[in-house]
Structures are given as structure tokens and as C-alpha cells.
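Engineer: What follows is a single structure, and I will ask about it in a moment.
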Amino acid sequence: MERPEQPELEELLVQYQAQLAGFVRKQLGVRLRRFETVEDLVQGVICDALRHRERFVYQGGAPFQAWLQRVARHYLINRAAYWAALRRDSRRLIRFVERESHAFDPPDTATSPSSLAARREQIVLLVRAISKLRPRDREVLELLSAGSDIEDLGNKLGVSYQAAKQARLRAIDRVHKLYKLMFQAG
């Protein structure tokens, strides 16, 4: 039996991109949909497939689709785990940033569906803003949200009291600016 000709992986990915988008759309959970678009996820799967090209051996259309779907499933699972960990690890940080800021509405005591949805949107935007911060700013906010005062912050960062104070103000200012930009972009 003759072995099929080995096409370039890049060509196959372009050829099967529409089917991949359909597969991702079907597999996409509600939680992940809030954070990333189908197009972004498809591009991520394609990048992942290219990174794993050494595991790829072309054996025909159906086996290629099955391989690509396995890559996509693993990628989607990893992205969902990433966002879940970010949300879980960010709860303390979100409470701290909200307490330090007037940019967020105070928590509503009403539990209407619209107030809960609005609150959830604020939290999603804040998590996104936090994830886009520089690592140093994220570290500062995490230390502060864990209860460190300015002096502890300076000791843990290895900087003076005044530098720690500046780092605190800068990190809070940056997360507020990112949040406002994301809120306005809606």
C-alpha cells in the first residue's frame, strides 16, 4: 500500500482552519468564552500544533483531523485551567484593588440578575487587567492583598520604604488604568 504524500503542516492547518473553528466553537465552555474569542483560541491551537510538529505524521485527512482535535482539546483544557487559576489566585487581589479604588461600584446588596451580571463583568475585566500587568506590579499587588504593609513590601522587594510606597501607588494606578481602558472598550 502506498503511503500518502507528506504535505506541509502549515498548508494543512490553513486548509482545516474552518473545521477547527467549528470544533473549538462546539468544545468551548461558557467560562472560557468570557475570556477569549474563538478566533484567538483557533490561533492558539494552530501555534500549539506547530510547536508539536515533531509528533505529526500525515496519514490522511481523517487521522489529521483527529490529531488536530486532540491538540485543540489539550489546548482548551490548558486555557480553561489557566483562567480558573488566575481567577482563584486573584480573588484576594480583586478584593484589595476594589477596596483601594473608587473605580469600582460598591458591592450591591441586591441580588437581581442584572446586578450580579454587572458585578461579574467588573470582576472579569479586573482579572484581565491584572493579568496584563507587568510581573513586578502583579507581585506588589499580591503582596499587598495578602496583608503586607509598606515596610514588609519594601523588605520583600529589597527596596527602601519610599520605593515600596511608590511601587504600591504605581501598581494600583496601572491596574486602574488598564481596567478603565478595558471597561471603555467594552
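Engineer: For residue 16, what is the net charge nearby, where nearby means another residue's Cβ is under 13 Å from its Cβ and Lys, Arg count +1, Asp, Glu -1? Please report the intermediate quantities before stating the final value.
Structural biologist: On the way: positive: none; negative: 8, 10, 11.
Net of charged neighbours comes to -3.
Engineer: In whole Hz and in residue order, list the ³J(HN,Hα) couplings for region 155-167 that follow from phi through the Karplus curve 6.51 cos²θ - 1.76 cosθ + 1.60, θ = phi - 60°; x for Gly and Pro.
Structural biologist: 5, 5, 8, x, 10, 6, 4, 5, 5, 5, 4, 5, 4
Engineer: How big is region 1-86 along each principal axis, measuring the range of its Cα positions in Å and listing the largest first?
Structural biologist: 49, 22, 18
Engineer: For region 172-179, in order, what is each residue's ³J(HN,Hα) by Karplus, 6.51 cos²θ - 1.76 cosθ + 1.60 with θ = phi - 60°, in whole Hz (x at glycine and Pro)?
Structural biologist: 5, 4, 5, 5, 5, 4, 4, 4
A short reminder: the numbers here are calculations on the coordinates, not readings from a lab. Since we're looking at a predicted model, the values are computed, not measured. Don't worry about glycine lacking a Cβ; one is built from the backbone with ideal geometry, like all the others, and counts go over all protein chains shown.
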